[in-house]
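The next block holds one structure in the form of structure tokens; read it before the comments.
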Amino acid sequence: MVTATPLEAELLELAGSVPDPELPVLTLRELGVVRAVHARGEDTVEVELTPTYTGCPAIEAMSLDIERVLREHGVREVTVRTVLAPAWSTDDITDEGRRKLREFGIAPPRTRAASGPVVVELGTTRTREPRLPEDGPAPVRCPHCGSAETELLSRFSSTACKALRRCLACREPFDHFKEL
């Protein structure tokens, strides 16, 4: 693994400070989509950006915003390159990003205990606190009251990355950022 220079680390912070166009409560760093910045000479950089999924409509807006921020800080030539491997995962969202999602009223994605594919369950649409770890995945908790008693209303919400759920305790609907 190549260590970033101090300039690259500074530019990575700047690129990562750009708000996500679909979830402006999160920065691109907190979302985990800005992978690296490579300095190519005095005033030329290449930014590696991984979309949350192939065909993400926000990738163009993200790229333009990164270019704008870096140019405002004196970088003459900015190239944003889409990198698909390794694929982005919801595990790439930082703890700070998860906290911000919860405060914004969106249930953050559950983290995977072990690496491997995400299990897609087509069974029950309700979640509860498992009695034992082997009883199943962690519940989707309500970001308003914290209850584990929630139900799926729709597998898709305002964006393809989110599902619409409702809390059975406080009855409030909320978005859940789906695990990938």
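Remarks
- Ordering MET62, ALA85, PHE156 by Cα displacement along the dipole of the chain toward the positive end leaves PHE156 in first place; charges were set at the Cβ atoms of Lys, Arg (+1) and Asp, Glu (-1).
- Helix 59-72 axis, angle to the chain major axis (alpha carbon atoms, nearest 10°): 40
- For the chain, with +1 on Lys and Arg beta carbons and -1 on Asp and Glu, the positive-most of THR111, SER17, HIS144 along the dipole: HIS144
- Computed over the chain, the ratio Rg/Rh where both radii use C-alpha atoms and Rh is Kirkwood: 1.04
- Computed label-point distance, nm, for sites CYS170 and ARG112 using a 7 Å Cα→Cβ extension: 3.0
- Relative contact order for the chain, counting Cα pairs under 8 Å that sit 6 or more residues apart, in percent: 16
- Relative to the Cα centre, the charge distribution of the chain, modelled as +1 at Lys and Arg Cβ and -1 at Asp and Glu Cβ, gives a dipole magnitude of about 800 debye.
- Against the main long axis of the alpha-carbon atoms of the chain, helix 6-16 sits at an angle near 50°.
Every number here is computed from the coordinates shown, using simple stated rules; none is lab data. In this text, all values refer to a predicted model and were calculated from it rather than measured experimentally. Neighbour counts run over all protein chains shown; Cβ positions are idealised from the backbone, glycine included.
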